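Asker: Would you mind keeping the following structure in view while I ask a few things?
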C-alpha cells in the first residue's frame, strides 16, 4: 500500500532551546499512527521553495492528542533548521508522507528502559505517555543525556508525568555541564549502570545519536547481559 501524502497546516512553532524547535501540525481525523513512528517532511530550500528534500522526524505526540508534535534540531546551514526558523509560519501548509517505521513497543511483560540523547526523546514521549495512559504497570526508566544546561527541554513535563505514575522514573544527565548543576553527569554509557540494577531483565529502547545507540546496544548485549532481541534502536543523524 502506498504511503499516504498529506499537506497539514502548521498550528504553532516555538524554541525549546537555543537549537531545538517544536512544531505542531493539525491532525486529520483519518491520520492514525503507532507511537514510535515517524513522518517524512518535504523540506523546502530557502532559496527555492519548490526545491524540496525529505527529512525524517519522529512523532512526539500521542495518538490521543489533537495535534501532531515534532522536535527539530537546528544545525548551522542545515536545510530543516533554515526551514523552521526562516520559512515556516503558523498557518503554513506542510507537505509530508507517513506514518512510517517499525520502532514500536514490542509485546512483552519485561520492564522497560528508554535511553535518549536530545531530540531522541521524541518517540519516547509518544510511547511512554501512551503506555501509561493505557494502564501499563511495568516499571519504566527514561535516561536522557544532553550536553549542558542550555540544552535541557521537557524536564518539567517528564517530572510531572513521573509524579503522576510512580512506575516511571526520569533520569537527566549532562555530559558537559557549565554551571552549578546538581544532577547526574556523564554520558549515558556511564549513567546506565548507576541507575539500572536489573538491565538484563529489561526491554531496552535507544534513540538519538547513532554512535550512542550503537555503543549502548553493544554494551547491552556484550557486557550487561541483555539478549539482543530485547534491544531496539532508532538512530538520529
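Asker: For 88, 102, 68, what's the fewest-to-most ordering of other Cβ within 10 Å of each Cβ?
Answerer: 102, 88, 68
Asker: Please rank 130, 45, 222, fewest neighbouring Cβ atoms within 10 Å first, as an exposure proxy.
Answerer: 222, 45, 130
Asker: Test of understanding: ordering 5, 171 by Cβ neighbours within 10 Å, fewest first, what list do you get?
Answerer: Sorted ascending by nearby Cβ count, the order is 5, 171.
Asker: Name the shape class, rounded, prolate or oblate, that the alpha-carbon gyration tensor gives for region 50-121, where a ≥ b ≥ c are the square roots of its eigenvalues, rounded holds for a/c under 1.5, and otherwise prolate holds if a/b is larger than b/c and oblate otherwise.
Answerer: It is prolate, given that a/c is not under 1.5 and a/b is the larger ratio.
Asker: Which one, (1) 67, 53, 35; (2) 51, 44, 33; (3) 42, 41, 37, gives Cα extents along the principal axes in Å as derived from the coordinates shown?
Answerer: (2)
Asker: Specify the residue with the greatest mean-square fluctuation among 92, 213, 71, computed from a Gaussian network of the chain linking alpha-carbon atoms under 10 Å apart.
Answerer: Per the Cα network of the chain with a 10 Å cutoff, 92 tops the list.
Asker: At 7 Å along the Cα-to-beta-carbon direction for both residue 50 and residue 197, put a label point, then send me their distance in nm to one decimal.
Answerer: The modelled label-to-label distance comes out at 6.5 nm.
Asker: Taking 35 Å as R0, compute the FRET efficiency from the Cβ-Cβ separation of residue 181 and residue 137 and round it to 0.05.
Answerer: Calculated transfer efficiency: 0.60.
Asker: With the Cα gyration tensor of region 158-209 giving a ≥ b ≥ c as the square roots of its eigenvalues, does the rule (a/c under 1.5 for rounded; else a/b larger than b/c for prolate; else oblate) give rounded, prolate or oblate?
Answerer: Taking the square roots of the gyration eigenvalues as a ≥ b ≥ c, region 158-209 is oblate.
We did not get these values from a lab; they are worked out from the coordinates using the rules stated. Note that the structure is a prediction, hence the values are computed from the model and not measured. For neighbour counting, all protein chains shown are included, and Cβ atoms are generated from backbone atoms with ideal geometry for every residue, glycine included.
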